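Undergrad: If you scroll down you'll find the structure; I have some questions about it.
Nothing in this text is a laboratory measurement; each read-out follows from the coordinates by a stated rule. Not measured: the values here are computed from a predicted model. Virtual Cβ from ideal backbone geometry, glycine too; neighbours counted across all protein chains shown.
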Amino acid sequence: MDKASQKEVSTIDQPTLDNKDLAILQLLQKNARITVKEISDLVHLSTTPVHERIRRMEANGVIKQYATLLDHTRVKKGLMVICYVSLKEHSKTAGVKFIETMQVLNEVIECYSISGEFDFMLKVVSEDMNAYYDFHVNKLSQIENMGHVQSVFVMGIIKQTHQLV
């Protein structure tokens, strides 16, 4: 595929967002329960165009989902750990198997494929050190093709946001 065709494909896949769309997204990120009426008042549009813009952004994948953010310490998940993981084998099949396993481990709340010394970075939450030890020994370390795991314990959260715009 030539460069012109590649550029065409990439711009087609990317939805065009104007300032009103970005303003709507900012409001929804701050409070997903905000009403269309409240948004329309704040962005100076009537409710119908606001509703249509939200539906369009949902349909084209800009808005992936709505979520409730919890305080992990108040739901018996007081220990947060960042795990750096290296796999022994680096084939497509091995990577897919590892990723599929991460999808079903409830303790793993985020998983990133990364570059550098490690292959993956996991964000893991558990009730306490004993629960994390059980997870590490009986689940994480038992995964087929597991190489090296380095656990870093989060001492405090300085900044945590999901707001992109």
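Undergrad: What is the dipole size for the chain, taken about its Cα centre, with +1 at each Lys and Arg Cβ and -1 at each Asp and Glu Cβ, in debye to the nearest 20?
TA: About 360 debye.
Undergrad: Using each residue's phi in region 42-51, evaluate 6.51 cos²θ - 1.76 cosθ + 1.60 at θ = phi - 60° and report the 3J(HN,Hα) Karplus result to the nearest Hz, with x for Gly and Pro.
TA: For region 42-51, the Karplus curve yields 6, 9, 6, 10, 6, 5, 4, x, 5, 4 Hz.
Undergrad: Ok, one more. Report the gain in length on full extension from I34 to T93: 0.36 nm times residue separation, minus Cα-Cα distance, nm rounded to one decimal.
TA: 16.9 nm
Undergrad: Right, next: Please label the shape of region 17-69 as rounded, prolate or oblate, based on the square roots a ≥ b ≥ c of the eigenvalues of the alpha-carbon gyration tensor (a/c under 1.5 means rounded; beyond that, a/b larger than b/c means prolate, else oblate).
TA: oblate
Undergrad: Mind listing the phi-derived Karplus ³J(HN,Hα) values for region 117-134, rounded to whole Hz, using 6.51, -1.76 and 1.60 with θ = phi - 60°, and x for any glycine or proline?
TA: 5, 10, 9, 9, 10, 10, 10, 10, 10, 8, 5, 6, 5, 5, 5, 5, 4, 4
Undergrad: Right, here's the next one. Would you mind calculating the relative contact order of the chain from Cα pairs under 8 angstrom and at least 6 residues apart, reporting the percent as a whole number?
TA: Relative contact order comes out at 25 percent.
Undergrad: Okay, next question. Assuming 0.36 nm per residue, please report the length gained on full extension of the stretch L22 to L164 beyond their Cα-Cα distance.
TA: 50.1 nm is the gain from fully extending L22 to L164.
Undergrad: Hey, can you grab everything whose amide H is under 5 Å from the amide H of G147? Only 5+ residues off in sequence or another chain; H modelled, so Pro and N-termini drop out.
TA: The answer is S86, L87, K88.
Undergrad: Now for a separate question. ³J(HN,Hα) across region 24-29 via Karplus (A = 6.51, B = -1.76, C = 1.60, θ = phi - 60°), whole Hz, x for Gly/Pro?
TA: Result, ordered by residue: 4, 4, 4, 5, 5, 5 Hz.
Undergrad: Over 22 Å between C-alpha atoms is what I'm after, so list which of K77/K159; K88/K159; K30/K64; K64/K139; K77/K97; K123/K159 land there.
TA: Long pairs (Cα-Cα over 22 Å): K88/K159; K64/K139; K77/K97.
Undergrad: What is the extension gain from A59 to V75, computed as 0.36 nm multiplied by their sequence separation minus the C-alpha to C-alpha distance, in nm to one decimal?
TA: Length difference between fully extended and current span is 2.5 nm.
Undergrad: Another one. Can you compute the charge dipole magnitude of region 82-142 about its Cα centre, using +1 on each Lys and Arg Cβ and -1 on each Asp and Glu Cβ, nothing else charged? Give it in debye, rounded to the nearest 20.
TA: 260 debye
Undergrad: Roughly speaking, what is the centre-to-centre gap between region 12-68 and region 121-165 when only Cα atoms are used, to the nearest Å?
TA: Going from one Cα centre to the other spans 33 Å.
Undergrad: Neighbouring Cβ atoms within 10 Å as the yardstick, rank D71, D134 fewest first.
TA: D71, D134
Undergrad: Here's another thing I want to ask about it. Specify whether the C-alpha gyration tensor of region 72-153 places it in the rounded, prolate or oblate class, a ≥ b ≥ c being the square roots of the eigenvalues: rounded for a/c under 1.5, otherwise prolate if a/b is larger than b/c and oblate if not.
TA: Because a/c hits 1.5 or more and a/b exceeds b/c, region 72-153 counts as prolate.
Undergrad: Between T47 and L105, what FRET efficiency comes out of the Förster formula 1/(1 + (r/R0)^6) with R0 = 35 Å and r the beta carbon distance, rounded to 0.05?
TA: 0.25
Undergrad: Taking a ≥ b ≥ c as the square roots of the Cα gyration tensor eigenvalues, with a/c under 1.5 meaning rounded and otherwise prolate when a/b beats b/c, else oblate, which class fits the chain?
TA: Oblate, because a/c is 1.5 or more while a/b does not exceed b/c.
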